[in-house]
1. Would you be able to say whether some residue in the stretch 35-42 is outside any strand (DSSP E or B) and either farther than 24 Å from MET135 by Cβ or among the small types (Gly, Ala, Ser) (or both)?
2. Only one of these is of a type in the set (Asp, Glu), without any contact (Cβ under 8 Å) to a residue 40 or more places away in the chain and surrounded by 18 or more Cβ atoms within 10 Å (Cβ to Cβ): GLU53, GLU49, GLU119, GLU99. Name it.
3. How many of the residues making up the stretch 14-39 are small (Gly, Ala, Ser), touching a residue at least 40 places away in the same chain (Cβ under 8 Å) and surrounded by fewer than 13 Cβ atoms within 10 Å (Cβ to Cβ)?
4. How many residues does the stretch 57-71 contain that are of a type in the set (Ser, Thr, Tyr) and either part of a strand (DSSP E or B) or touching a residue at least 40 places away in the same chain (Cβ under 8 Å) (or both)?
5. Only one of these is in contact with a strand residue (DSSP E or B) (Cβ under 8 Å, 6 or more places away or on another chain), without any contact (Cβ under 8 Å) to a residue 60 or more places away in the chain and of a type in the set (Gly, Ala, Ser): SER89, SER81. Name it.
Amino acid sequence: MISYQTDGVKMPAIKRRDVSAWIKKVAAGHGKKVGDIAYIFCNDEKILEVNREYLQHDYYTDIITFDYTEENVISGDLFISLDTVLSNSEQLGVQYEQELYRVIIHGILHLCGINDKGEGEREIMEREENEAIAMLQK
């Protein structure tokens, strides 16, 4: 089950049923099934609090993914700072909605086993994000 919650922010204007179907399609493309996925949309203050408390990182970020995946069933809690998504969309010169969808699927791709910290991994993640976003727009 995929759930969408908020903490200190208004729920973003996404079509949850369509987004959930898209997430399942992307996961299936990586040989995964969707278990329990919880999106928690929040502000910068909340994501900084989560980053400090659980990861001992003292910085803002757009998404933090807690991975509870077992075998081929992806599960996790995904905290998304809508403040950072907005500032990133402005910096990158892209629509807010497009950046939000990129971040939404970024967390799913992490749960599917795609990383972005090692050498060459960022390019793979970006390609996967772009392919997933193209699927949503069809």
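Just so it is clear, none of the values below were taken in a lab; they were calculated from the coordinates. Quantities reported herein were computed from a predicted structural model and do not represent experimental measurements. Counting neighbours? That spans all protein chains shown, and the Cβs are built from the backbone with ideal geometry, glycine included.
1. The first filter runs over the stretch 35-42 and keeps only residues outside any strand (DSSP E or B), leaving none.
So far as the stretch 35-42 goes, no, none of its residues is outside any strand (DSSP E or B) and either farther than 24 Å from MET135 by Cβ or among the small types (Gly, Ala, Ser) (or both).
2. Values: GLU53 fails: surrounded by 18 or more Cβ atoms within 10 Å (Cβ to Cβ); GLU49 fails: surrounded by 18 or more Cβ atoms within 10 Å (Cβ to Cβ); GLU119 fails: surrounded by 18 or more Cβ atoms within 10 Å (Cβ to Cβ).
Only one candidate qualifies: GLU99.
3. 1
4. Kept after step one, since they are of a type in the set (Ser, Thr, Tyr), are these residues of the stretch 57-71: 59-61, 65, 68-69.
Next, only the ones that are either part of a strand (DSSP E or B) or touching a residue at least 40 places away in the same chain (Cβ under 8 Å) (or both) stay: 65, 69.
Matching residues across the stretch 57-71 total 2.
5. Details: SER89 fails: in contact with a strand residue (DSSP E or B) (Cβ under 8 Å, 6 or more places away or on another chain).
Of SER89, SER81, the one residue that is in contact with a strand residue (DSSP E or B) (Cβ under 8 Å, 6 or more places away or on another chain), without any contact (Cβ under 8 Å) to a residue 60 or more places away in the chain and of a type in the set (Gly, Ala, Ser) is SER81.
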